[in-house]
Structures are given as C-alpha cells and as structure tokens.
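Take a look at the structure below.
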Amino acid sequence: MSEPLLVLDNVTKNYGAIQALKGISFSIGRGEVVALLGDNGAGKSTLVKIIAGGLEPTSGRMLFEGKEFLARSPAEAKAAGIETVYQDLSLCTNVDVVANFFMGREITRKVLGVPVLDERAMEDVVAKALANAGTRIPSLRTNVEHLSGGQRQAIELNRFVHWGGKLVLLDEPFAALGVEQTRRGLDMIRQVANQGIGVVIITHIMQQAFQVADRIVVIRQGVVAGDVARNKTSPDAVINMITGETLAGAGPAS
Amino acid sequence: MNPRTRHALELILDNLVWFMLVFVLVVFSLLIPNYFQLGIFANIIEASSVLGVMSIGLALVIIAGHMDLSVESVAALSAMAVGILFCSSGIGLGVQLHPQWLMVPVSLLLAVLVGGIIGVFNGFLIVRLKMSAFIITLASYIWVRGLVLVVSGGRSAQDLAPAIRWFGIQRLIGLPLTAWIAIACFVVFSLIMAKTPFGRHLVMIGGNETATFRAGIRVNRNLIIAFVLAGAIAGLAGWLLAIRTSGATANLGVGLLFNAFAAVVIGGVSLKGGVGTLPGVYAGVLLLSAINTAINLMGLPANFTQVIHGLLVLAAVLLDAFKQTIRQRLA
C-alpha cells in the first residue's frame with residue numbers, strides 16, 4: 001500500500017472538561033479493512049462521527065488521499081467519498097425502500113426546468129442492487145416501518161455497497177442481523193474492500209473482527225492502545241489491549 | 001390475503017378521507033332537502049378556498065415535523081396591508097395604479113411578501129437558533145395579530161378596488177376565480193410534495209431528521225424554506241380573504257387557525273410529522289365545508305359547528321390510530 005487513504009494525526013475531542021479523545025493517530029489504506037475495537041465509552045463512535053462530518057475535532061488533523069481534510073457536515077464527507085452506516089439506523093421509516101436507498105441523491109429528470117423524481121429509474125436500480133446482494137424484500141414500495149429489523153439493516157448495508165465511495169465507516173452494522181445475514185454482510189465488506197475501498201468497522205464481537213479485518217486498532221480511554229495486523233495477533237491479546245492489561249501498540253498511555 | 005384485496009385495502013386506507021367526503025355528501029344529499037344541487041356543491045368549494053390555501057402552508061410545516069400557529073394572524077396582516085393600500089373607504093388609503101390591472105400583481109406580491117417575511121423570521125428562530133416551533137409561532141400568532149390591531153387602530157377598511165375584487169366576482173365554470181386559485185395551489189403543491197426532491201426531503205425530514213442530516217440533505221435550508229412557504233401561502237390566503245370580504249377588519253379570520261388544524265388532521269396528516277398528503281388535506285377542507293353547509297341548510301344554530309368540528313377532529317385521530325393497526329396487520 002503506497003499512500004494511505006486516510007491518516008489521522010493526533011485527533012482530539014473535548015466535551016467541555018471531558019476529553020473523549022486524547023490524541024488518536026492511525027491510518028487506513030485503500031482496500032484495507034480496519035476493525036476498530038474498544039470497550040464502551042472508549043471513543044469509537046466519537047471518532048467515526050469526526051471522520052463522517054457529524055462532529056468537529058477539537059484539535060489534530062486528518063489527511064484524506066494525501067490532502068488536508070475536515071468535514072464540517074455529513075454532506076461534505078459524502079462529497080469527498082466517505083459513506084457511513086450508523087449503529088442506530090439512518091432510515092426514514094415513513095417512506096418506502098426506494099426513497100431510503102436514494103436519500104439525498106434522488107435521480108431526477110427535468111420537466112419544464114423543474115427537477116422531478118424519476119421513480120422508475122430509481123426502482124430499477126434498487127431492485128438490481130438488492131438482487132445482487134441476495135436480499136429479498138417483498139415490495140420496494142412498502143414503507144420501511146413495515147419491515148423487520150434485519151430487512152432494514154440489509155437496506156442500509158446494500159446502500160453503502162451500492163454507493164461505495166472511497167472510504168466506508170460501519171458503526172456496529174450487524175447488531176440486528178441473524179447468523180446468515182451477518183455472514184453475508186461480512187462477505188459484502190470483503191467485496192467492497194476488494195474494489196479498493198477502505199473500510200473501518202466498529203464491532204464488539206471479536207470473532208467478526210478476526211473474520212473480516214486486515215488490521216485491528218484498539219482504542220482505550222481515548223488513545224490508540226493497539227494497532228496490529230490481524231495475522232500477528234490473537235483474540236486473547238486483543239482482549240488484553242481492550243481491557244488495558246497490556247499496552248501492545250502505539251499511542252501514549254493516559 | 002391475496003395481493004389484489006391487499007392492494008384494494010391499501011388504496012382505501014390511503015384515500016380514506018376522500019371516501020368519507022363522498023359518503024358524507026351522499027348522506028346529506030339523501031337526508032337534507034335542497035342539498036343536492038350544483039350550486040350547493042359550488043358553494044362548498046367556494047367557501048373553502050381561504051381555509052384551503054391556509055391549510056396547505058400549515059400542512060407543509062407539519063409534514064416536515066414542525067408547527068406553525070402564526071398562519072391565521074399572518075393572513076390577517078396581509079389582508080390588512082392590502083386593505084389599507086387598496087380600499088377606498090374606512091382606513092383605506094385608496095391608492096390607485098394605472099393601468100388598473102397593475103393593482104392585482106402589486107397587491108398579491110405585497111400580501112405574499114408580508115407573509116414571507118414573517119415566515120423568514122419564524123424559520124430563522126426555529127431552525128438556526130433551535131427554538132421550539134410551538135413557542136415561536138405562538139408568539140408570532142399573538143404579536144402579528146397585535147400588529148394588525150396597531151396598524152388598523154382597531155378600525156376597518158372597506159371597498160376594495162374593483163380591479164382586485166374582480167377575482168371574487170368573475171366566474172369560470174360556476175366557480176369564482178378565487179376558488180380556482182385555491183384549487184391551483186393544491187395541484188401545484190401536491191405535485192411539489194409528491195414529485196420533486198424538495199417535497200420528498202420534507203417528508204423524510206419529518207420522519208427522521210437525523211437520518212436526513214447524515215444522508216447529506218440540507219435540513220436547515222429545507223426547513224427554513226418550508227416556514228417561508230407557510231408564511232407566503234398564508235399571505236396568499238389573506239389576499240383571498242381581503243377579496244372575499246372586500247376589505248379587512250381588525251379581527252379578520254379569527255378562528256381560522258383551528259379550522260386549518262382540523263382540516264389538516266382530518267386530511268390524514270400526522271402531527272408527529274412525516275405522514276400525510278396535500279390531496280388528503282383538500283378533502284379534509286371540503287369535508288369541513290360540506291358539514292358547515294349542511295348545518296346552515298338545516299337551519300341549526302351556527303354554534304353547533306364548533307362542537308361538530310371538534311368531534312370530527314377527535315374522530316379523525318381515532319381513525320388514524322385504527323388505520324395504523326390495520327396497516328400493521330397488512331404488513
């Protein structure tokens with residue numbers, strides 16, 4: 001991997017007097033899957049939100065494709081090619097599957113100079129994307145509120161696979177999925193990474209991290225407590241990093 | 001359940017208020033003498049034009065997950081502005097423009113602009129400063145009505161310029177032009193809500209604001225536009241009101257707000273946001289108007305209208321809950 005896709009350089013985030021992130025530095029390469037692990041409250045979600053434009057860092061800098069990068073809004077991050085799947089699902093349950101899939105980037109055609117939604121074109125795209133991923137949803141025109149938790153998560157996952165971009169952030173993406181769907185989700189992640197897209201996945205489940213990740217980054221109390229290649233470590237070693245029994249990687253101790 | 005019956009059932013659920021309207025019209029036509037005539041139906045549409053236009057703006061904001069209590073007062077202020085400038089007696093200044101027809105676009109623009117400015121004010125405070133829409137627009141509801149009283153000194157303006165009055169008198173296929181303006185508004189805004197990205201985004205913002213923000217939709221901008229539209233549309237309603245009454249009084253349109261709320265709720269718009277369509281709202285407006293007409297024809301005291309409207313809103317909310325249960329069973 002020549003130039004890394006995203007570099008975080010001593011990123012910090014304070015909430016008033018509380019230091020959520022005390023200086024995070026690591027990098028993600030193109031086509032690399034990085035599993036971000038850490039105990040509750042370690043700062044994983046805060047970090048994801050900073051990369052995705054939901055929060056601004058207090059200090060530190062980020063390089064995206066070698067250039068200085070700071071997303072002030074999710075729209076800016078998206079424009080740069082960063083897709084995010086949040087742990088609390090980002091679906092509007094009051095509209096149908098197609099509308100959710102295209103949220104914010106609807107296909108339109110001009111009628112008398114006015115942009116008009118091209119429903120048929122959008123439905124075709126969604127049908128194809130879901131069929132490719134092997135997801136079955138009875139009708140793409142049913143509102144999402146009538147779908148099961150698994151179906152909803154499948155929509156989110158298919159959405160990021162379809163839009164791709166350059167970097168994908170997944171915050172606990174499999175929380176509501178069954179065994180088979182999780183396996184398919186992990187396959188999807190591999191497939192996305194093989195296209196040269198960088199993937200950051202936050203998970204609590206050690207087994208998932210070891211199944212899918214190239215590298216494992218552990219965050220503890222707002223600092224990087226470990227940054228190791230998957231094939232050079234073991235679940236037990238990682239658990240020790242998470243709980244703080246050993247300090248195996250870069251990053252200053254707090 | 002086979003797909004066809006399921007489809008039919010969903011169609012009925014989606015357009016329930018229209019079926020109710022037809023049902024009510026049929027029942028009234030059968031039971032009330034003289035109800036079934038074209039003139040009565042034309043009157044129902046005509047009488048609902050001001051309320052209808054106002055309900056559009058209110059519905060837009062409610063669908064986007066907020067609230068605008070100021071529409072009634074905004075309409076009154078717009079009507080008063082038009083009245084003061086273009087009425088020839090009372091407190092009217094009797095401004096004349098040549099050619100005469102120029103008064104139409106100027107008065108219309110004035111009314112819409114007055115409404116739009118208050119919409120900007122509401123939208124800015126609510127969206128940018130993250131204040132509660134209920135409180136901000138309640139305040140506007142009060143101070144804008146106060147402004148009407150201040151500028152009019154509690155007096156009224158009469159005799160609107162004939163060039164503007166023309167819209168209330170001239171008929172096309174049995175309906176005055178003002179009613180056609182209301183219908184046109186419903187058509188245009190229904191299309192905007194159903195067919196354009198802006199309308200789709202408003203519905204989604206009403207459903208899950210966080211999700212739309214994360215998806216990169218400019219939520220604040222869309223919401224401010226919604227409030228400005230609600231104000232501007234209320235301004236248009238005020239213009240129609242001035243034409244209808246050929247002037248403006250200080251207490252013009254008092255009580256319209258709650259009728260508009262009733263129409264919006266009966267029309268199937270959820271006060272939680274994200275649910276409802278404008279054609280449904282129009283059906284709600286027509287339903288209220290049809291019932292008012294029936295009360296008039298039966299010679300009941302007008303005081304009954306309030307009781308019936310209140311019960312109707314209650315029925316609409318109960319019906320909405322009932323619809324949800326059926327839908328869940330369908331899914």
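The values are calculated or read from the model by the stated rules, or taken from the named source; none is laboratory data. What you see is a predicted model; the values in this text were computed from it and never measured. Cβ atoms come from the backbone with ideal geometry, glycine included; neighbour counts cover every protein chain shown.
Tell me which residues, restricted to region A:121-134, are buried (at least 16 other Cβ atoms within 10 Å of the Cβ) and in contact (Cβ under 8 Å) with a residue 40 or more places away in the chain.
Hit for region A:121-134 is A:133, nothing else.
Scan region A:63-86 for residues that are of a type in the set (A, V, I, L, M), under 18 Å from residue A:198 (Cβ atoms) and either within 14 Å of chain B (Cβ to nearest Cβ) or crowded, with 19+ Cβ neighbours inside 10 Å (or both) and jot them down.
A:71, A:77, A:79, A:80, A:82, A:85
Every residue in region B:315-331 that is surrounded by 12 or more Cβ atoms within 10 Å (Cβ to Cβ), out of contact with any helix residue (DSSP H, G or I) (no Cβ under 9 Å at 6 or more places or on another chain) and away from chain A (no Cβ under 14 Å), please.
Passing the criteria: only B:322.
Restricting to region A:147-174, what's the tally of residues that are in contact with a Ser or Thr (Cβ under 9 Å, 6 or more places away or on another chain) and either on the phi > 0 side of the Ramachandran plot or small (Gly, Ala, Ser) (or both)?
Number of matching residues: 2.
So which pairs qualify, if the first residue must be in region A:43-60 and more than 18 Å from residue A:81 (Cβ to Cβ), the second must be hydroxyl-bearing (Ser, Thr, Tyr) and surrounded by fewer than 24 Cβ atoms within 10 Å (Cβ to Cβ), the Cβ gap must be under 7 Å, and the two must be at least 6 apart or on different chains?
From region A:43-60, the pairs are A:55/A:46; A:57/A:12; A:58/A:12; A:59/A:12; A:60/A:12.
When region B:259-309 is examined, which residues are found to be without any contact (Cβ under 8 Å) to a residue 40 or more places away in the chain and assigned to a helix (DSSP H, G or I)?
B:295, B:296, B:304, B:305, B:306, B:307, B:308
Against the condition of a type outside the set (A, V, I, L, M, F, W, C), closer than 22 Å to residue B:327 by Cβ and away from chain B (no Cβ under 12 Å), how does residue A:123 come out, does it pass?
Judged against the criteria, residue A:123 is a match.
Say we look at region A:47-62 and pick out the residues that are more than 9 Å from every other protein chain (Cβ to nearest Cβ) and outside any helix (DSSP H, G or I); which of these is surrounded by the most Cβ atoms within 10 Å (Cβ to Cβ)?
Filtering first and then ranking leaves A:57.
Could you please find all residues in region A:106-120 being surrounded by fewer than 17 Cβ atoms within 10 Å (Cβ to Cβ), within 8 Å of chain B (Cβ to nearest Cβ) and not β-branched (Val, Ile, Thr)?
A:115 - this is the single residue of region A:106-120 that is surrounded by fewer than 17 Cβ atoms within 10 Å (Cβ to Cβ), within 8 Å of chain B (Cβ to nearest Cβ) and not β-branched (Val, Ile, Thr).
Given the condition closer than 21 Å to residue B:65 by Cα and touching a His at 6+ places or on another chain (Cβ under 7 Å), answer yes or no: does some residue in region B:207-218 qualify?
Looking for residues that are closer than 21 Å to residue B:65 by Cα and touching a His at 6+ places or on another chain (Cβ under 7 Å), one finds at least one in region B:207-218, hence yes.
Out of region B:173-191, which residues are farther than 18 Å from residue B:50 by Cβ and surrounded by fewer than 17 Cβ atoms within 10 Å (Cβ to Cβ)?
Answer for region B:173-191, where residues must be farther than 18 Å from residue B:50 by Cβ and surrounded by fewer than 17 Cβ atoms within 10 Å (Cβ to Cβ): B:173, B:174, B:191.
Restrict the check to region B:126-137 and report whether at least one residue is under 25 Å from residue B:250 (Cα atoms) and modelled with pLDDT under 85.
No: region B:126-137 contains no residue that is under 25 Å from residue B:250 (Cα atoms) and modelled with pLDDT under 85.
Out of everything in region A:87-101 that is touching a residue at least 40 places away in the same chain (Cβ under 8 Å) and assigned to a helix (DSSP H, G or I), what residue ends up being nearest to the other protein chains (Cβ to nearest Cβ)?
A:100
Restricting attention to region B:287-309, does a residue exist that is over 18 Å from the mean Cα position of the chain (by Cα) and within 14 Å of another protein chain (Cβ to nearest Cβ)?
No, there is no match, as no residue in region B:287-309 is over 18 Å from the mean Cα position of the chain (by Cα) and within 14 Å of another protein chain (Cβ to nearest Cβ).
Going by what's in this entry, would residue A:178 be described as more than 14 Å from chain B (Cβ to nearest Cβ), crowded, with 16+ Cβ neighbours inside 10 Å and without any contact (Cβ under 8 Å) to a residue 40 or more places away in the chain?
no
So for region B:177-186 (the condition being touching a Cys at 6+ places or on another chain (Cβ under 9 Å) and either within 29 Å of residue A:104 (Cβ to Cβ) or within 14 Å of chain A (Cβ to nearest Cβ) (or both)), does at least one residue qualify?
Checked against the condition, which is being touching a Cys at 6+ places or on another chain (Cβ under 9 Å) and either within 29 Å of residue A:104 (Cβ to Cβ) or within 14 Å of chain A (Cβ to nearest Cβ) (or both), region B:177-186 yields no hits at all.
Of the conditions (1) within 30 Å of residue A:71 (Cα to Cα); (2) within 14 Å of another protein chain (Cβ to nearest Cβ); (3) at pLDDT 85 or above; (4) surrounded by fewer than 18 Cβ atoms within 10 Å (Cβ to Cβ), residue A:194 clears all except one; give me its number.
(2)
Looking at B:280, B:273, which is the one that is within 14 Å of chain A (Cβ to nearest Cβ) and within 19 Å of the chain's Cα centre (by Cα)?
B:273
Taking region A:140-167 as the search range and keeping residues that are more than 12 Å from chain B (Cβ to nearest Cβ) and surrounded by fewer than 19 Cβ atoms within 10 Å (Cβ to Cβ), which one is nearest to residue A:30 (Cα to Cα)?
The qualifying residue nearest to residue A:30 (Cα to Cα) is A:166.
Here are the criteria: (1) under 30 Å from residue B:296 (Cα atoms); (2) modelled with pLDDT under 90; (3) touching a strand residue (DSSP E or B) at 6+ places or on another chain (Cβ under 8 Å). Tell me which single one residue B:31 does not satisfy.
For residue B:31, the exception is condition (3).
If residue B:104 satisfies all but one of (1) closer than 29 Å to residue B:274 by Cα; (2) assigned to a helix (DSSP H, G or I), what's the number of the condition it fails?
So residue B:104 meets the others, but not (1).
Scan region B:27-64 residue by residue and report those that are crowded, with 24+ Cβ neighbours inside 10 Å and not hydrophobic (A, V, I, L, M, F, W, C).
B:48, B:49, B:52, B:55, B:57, listed by residue number.
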